[in-house]
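Structure first, commentary second.
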Amino acid sequence: MYKVYENKQISPDSYLMEIEAPLSVKKALPGQFVIVMAKEDSERIPLTIYDYNSKDGILKVIYQVIGASTEELTYVKKELFSVAGPLGNANEICANPDKFMNKRICYVAGGVGIAPVYPQVKFLHRRGLKIDVIYGSRQANMLLIRDKIERVCNKIYYATDDGSFGTHGFVTDILEKNIHHYDIVVAIGPIPMMKAVAEVTKKYNKKCIVSMNPLMVDGSGMCGACRCEIEGKPKFACVDGPEFDGHKVNFDLAMKRMKIYKEEEAIKWEEMKKRLAKEKK
Amino acid sequence: MEKNEKAKMRTQDPKVRAKNFKEVELGFTRTQALKEANRCLHCAVPKCVEGCPVNIAIPDFIEQIKLGNIEKAYEIISDSSSLAAICGRVCPQEKQCESKCVRGLKGEAIAIGSLERYVADEAIKNGFESLKKKRRNGKKVAIVGAGPSGLTCAGDLIKEGFEVTIYEVLHQAGGVLVYGIPEFRLPKDIVKKQVESLEKLGVKINLNVPIGNALTIDDLKKEYDAIYLGTGAGLPKFMGIEGENAQGVFSANEILTRINLMKAYKPDSKTPIKLGKRAYVIGGGNVAMDAVRSLRRLGVDAHILYRRSLDELPARKAEVNHAQEEGVKFNLLTNPVKILVDENNNVTGMEVVDMVLGEPGEDGRRSVTEKPGSNHVVDCDMVVMALGTGPNHAALKDSKVELSDRGLIVVNGTKTSDKKIFAGGDAVTGAATVILAMEAGKNAAKEIIESLS
């Protein structure tokens, strides 16, 4: 069992959870993820690491409620059944920051994608790199951890779909306007956003790194559910990624593969709501 | 009963069991076990022992069954194996101990596997504890991976007085025994009890720890006197054919992990599974049989598609028979060419080609070639790839352990290029069987004991 210190709602559909998981954070690097289970019979859920403190063994994750299992997570009060991590590979830049000292780097985040972006920008900021961030979401109250990200980045641009905050439009509009300031763009967020960023960077011949978040079961290279098509070949996001060269990813396939369990998941979500309501009584 | 025939184990009726996940084979009764044991000739030079990868003193434990002393029989098995209840169920006995049995020359071999299972099940039922333990010797060993190889190694080392810690990335110990082999073939309670018996002896199991990331092999080297890598070969292979990433194409590992580890066969499971109406499982090994029989139980029209013929199926014979009884259809001498999809990338069928058997190759297996012009389409909405698995070296990140061209760990015996590190099982051999992984775990324990004394 893993002790939970905090599990609070931070936007209409997102939560912040603080967990005691010393082994998952001791050697964690930005870009890696963990797999958590609420209870012994729960689904395994992959979540990217948002923040961590290796001294006190505290792991922080931000999750969006998108189905049965994340709904179940919101009900967790004292402890989680399991936390396995860190899994996957570290962000390419964070793994070797000295190599990128003279590069101009921009991070593009969409929605809860800001959660994995934050530790990378913070990590690089502490090593003297100046990172710009473009952050977009549907509406103003879905922009998360603004105070935190603003403290560690150089410049920040906001975009909302409804214009309730920052630029009215997409992150890629801002990116394209400023693309000449950058050598490398890292994009983390919904697949259509990452696809759009990959297209813009390709047009201007800029390096593009994306972080894939496909369906996953074990997260250790065993089931192949998370396979992505990279340059026509299957790669596993859990052990080969989660980061890939944005210009090589088959995003259309990734989008379709996200929907494999759509019907089954909808049924499970309804079941879960009933089960949780019952347990609450 | 004829002396030349082995006692038949009771099984669940095929029609009934094709709809449930309860164990298929029900085990010997006391009378059956006694009768079967009495068929054993107790040969002066027992060939069966040679056929057993871990050299269980087979005639000796069978002798104890004859005498009605099951506890003693269990003790004898336990001298060589810490996981008897598992081996009795999943070993390919017909290729090992039973293939050497003298009785087999004129009739049927002794049902050694069934007798082993009988003894082990009795031991669990009656709480026999035959694993003896020596005094702690102050030496510490880390084992990476709680699969059959690691568990066996742990059992042998703890008995010799070592302090043993196992690191496992999943939330349960057992490796392929919990994520791969289905409940109807190996009840998870049995695995749990065998793991608990190791824990009772003092084996520490740290779950949810991805070695390579959470701790590296170098970290372990600082803390432990020796390390055993039993990391297995978990990475599923794909064919590289068109349509393989469509919705409806899965690795057998994904199907089995959802069903076994995550219990997706239960209607109230929180982990979903996506089932087709008609599924083709590609492959002919034990994993293919496990996947196809699981799908059959979930109401899918389940087919095996295998490029060779029935005689060449690598799966355990009993599993093939059981699959046939349960209504699994076998499409032999056929190979996939490409998977057909609709505009939403859902599987709608599969183009296949007939195969022709040729002469046996160097490895003794008959070659196969495509029959020109025999391409045709089969209807299906689900395809499961059970083509074997490759090594997964996430645990070896930043370590200098030597790997072969095929990505397998290079060993001499079980010694790797680093004298503190030992390795065995599928990580060394590529995908093989549970018992071979156990044999390697056993040999590694021997070599670790030698190297640390």
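The values are calculated or read from the model by the stated rules, or taken from the named source; none is laboratory data. Given the structure is predicted, the values throughout are model-derived calculations rather than measurements. Please note: Cβ atoms are built from the backbone with ideal geometry, for glycine as well, and neighbour counts cover all protein chains shown. These area figures cover heavy atoms from the full protein model, side chains too; ligands, DNA and RNA do not enter into them. Shrake-Rupley method; radii C 1.70, N 1.55, O 1.52, S 1.80 Å.
Results for (1) open to solvent by 60 Å² or more (accessible area, probe 1.4 Å); (2) among the polar types (S, T, N, Q); (3) closer than 28 Å to B:Leu396 by Cβ, shown as yes or no for each residue.
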position: A:Gly241; (1), (2), (3): no, no, yes
position: A:Asn250; (1), (2), (3): no, yes, no
position: A:Lys262; (1), (2), (3): yes, no, no
position: A:Ile267; (1), (2), (3): yes, no, no
position: A:Ala277; (1), (2), (3): no, no, no
Tell me, please, whether a residue that is open to solvent by 20 Å² or more (accessible area, probe 1.4 Å) and of a type outside the set (Ser, Thr, Tyr) can be found in the stretch B:80-90. no
Long-range neighbours under 9 Å by Cβ, at least six apart or interchain, first residue at positive phi within the stretch B:54-82, second small (Gly, Ala, Ser) and open to solvent by 10 Å² or more (accessible area, probe 1.4 Å): B:Asn55/B:Ser80
Looking at the stretch B:92-156, what helices (runs of 4 or more DSSP H) fall wholly within it and have at least 1 residues that are surrounded by 15 or more Cβ atoms within 10 Å (Cβ to Cβ) and in contact (Cβ under 8 Å) with a residue 60 or more places away in the chain? B:103-106, B:112-126
Restricting attention to the stretch B:220-241, and to residues there that are facing chain A (nearest Cβ under 8 Å) and touching a helix residue (DSSP H, G or I) at 6+ places or on another chain (Cβ under 8 Å), which single residue is farthest from B:Met438 (Cα to Cα)? B:Pro236
Which residue pairs have Cβ atoms closer than 6 Å, lie 6 or more positions apart in sequence or on different chains, and pair a first residue in the stretch B:182-209 that is away from every other protein chain (no Cβ under 14 Å) and closer than 30 Å to B:Arg10 by Cα with a second residue that is in a loop (DSSP other than H, G, I, E, B) and open to solvent by less than 50 Å² (accessible area, probe 1.4 Å)? B:Glu183/B:Phe21; B:Phe184/B:Phe21; B:Phe184/B:Glu23; B:Phe184/B:Val24; B:Pro187/B:Glu23; B:Val191/B:Gly174; B:Gln194/B:Leu83; B:Val195/B:Ala173
Look through the stretch B:242-262, keep the residues that are part of a loop (DSSP other than H, G, I, E, B) and either surrounded by fewer than 17 Cβ atoms within 10 Å (Cβ to Cβ) or among the acidic types (Asp, Glu) (or both), and return whichever of them is nearest to the other protein chains (Cβ to nearest Cβ). B:Glu244
How many residues are more than 8 Å from chain B (Cβ to nearest Cβ) and surrounded by 20 or more Cβ atoms within 10 Å (Cβ to Cβ) when one looks only at the stretch A:220-239? 4
Name the residue that is surrounded by the most Cβ atoms within 10 Å (Cβ to Cβ), counting only residues in the stretch A:12-52 that are over 18 Å from the mean Cα position of the chain (by Cα) and farther than 18 Å from A:Met216 by Cα. A:Ala21
Among the residues in the stretch A:99-115, are any part of a loop (DSSP other than H, G, I, E, B), touching a residue at least 40 places away in the same chain (Cβ under 8 Å), touching a strand residue (DSSP E or B) at 6+ places or on another chain (Cβ under 8 Å) and farther than 30 Å from A:Val4 by Cβ? yes
Scan the stretch A:246-280 for residues that are more than 7 Å from chain B (Cβ to nearest Cβ) and among the acidic types (Asp, Glu) and jot them down. A:Asp252, A:Glu263, A:Glu270, A:Glu271, A:Glu279
